[in-house]
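All remarks here apply to the structure that follows.
The values are calculated or read from the model by the stated rules, or taken from the named source; none is laboratory data. Remember, predicted model here, so these are calculated numbers, not experimental data. The accessibility values were calculated without ligands, DNA or RNA, using every heavy atom of the protein model including side chains. Shrake-Rupley method; radii C 1.70, N 1.55, O 1.52, S 1.80 Å.
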Amino acid sequence: MSNNPGKKGKPAPWQKRAAEDREQALQEYRRANHPAYAEWSKRRKEAAKSFRQETGADDLSNRDLFKAMKAADARLRAWDRANPSPMSWDDDKRLQTAFAAQYVARDYS
């Protein structure tokens, strides 16, 4: 892998990978330390899956795949409005702070 990240201002691939890994680890930490959020997240994932199946957005042979994906996303947004996340902003900040205190990033360079 080259040390040149490409265009000026563009993060290097290993920086992107580290940020993605950190975000994934933070999401897992949120689920592990906030049971109501974990349950809500599970229900949201199941709802998204069922919306994709109902609209045909999971069928790659669908000629109207883009329209199906938009319809599934619209239904998921409506579900989000009807079922707000149980995690408050204060809870999220508290969990982020606790996560940052213990998180050790992997070295991709």
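Taking the alpha-carbon distance from Lys93 and a cut-off under 16 Å, which aspartates and glutamates remain once sequence neighbours fewer than 8 residues away in the same chain are dropped? Excluding near neighbours in sequence, the set is Glu23, Glu28.
Rolling a 1.4 Å probe over the protein heavy atoms leaves Phe66 with an accessible area of roughly 150 Å². Taking all protein chains as shown and a probe of 1.4 angstrom, Glu28 keeps an accessible surface of around 100 Å².
When only C-alpha pairs under 8 Å and at least 6 residues apart count, what is the relative contact order of the chain, in percent?
Relative contact order here is 32 percent.
To make sure I understand the rule: partners must be lysines, Cα under 16 Å from the Cα of Lys16, and not fewer than 8 residues away in the same chain. Which ones qualify? Once the sequence-local lysines are set aside, what remains near Lys16 is Lys7, Lys8.
Available extension along the chain between Arg94 and Lys16 is 25.6 nm, counting 0.36 nm per residue and deducting the alpha carbon span.
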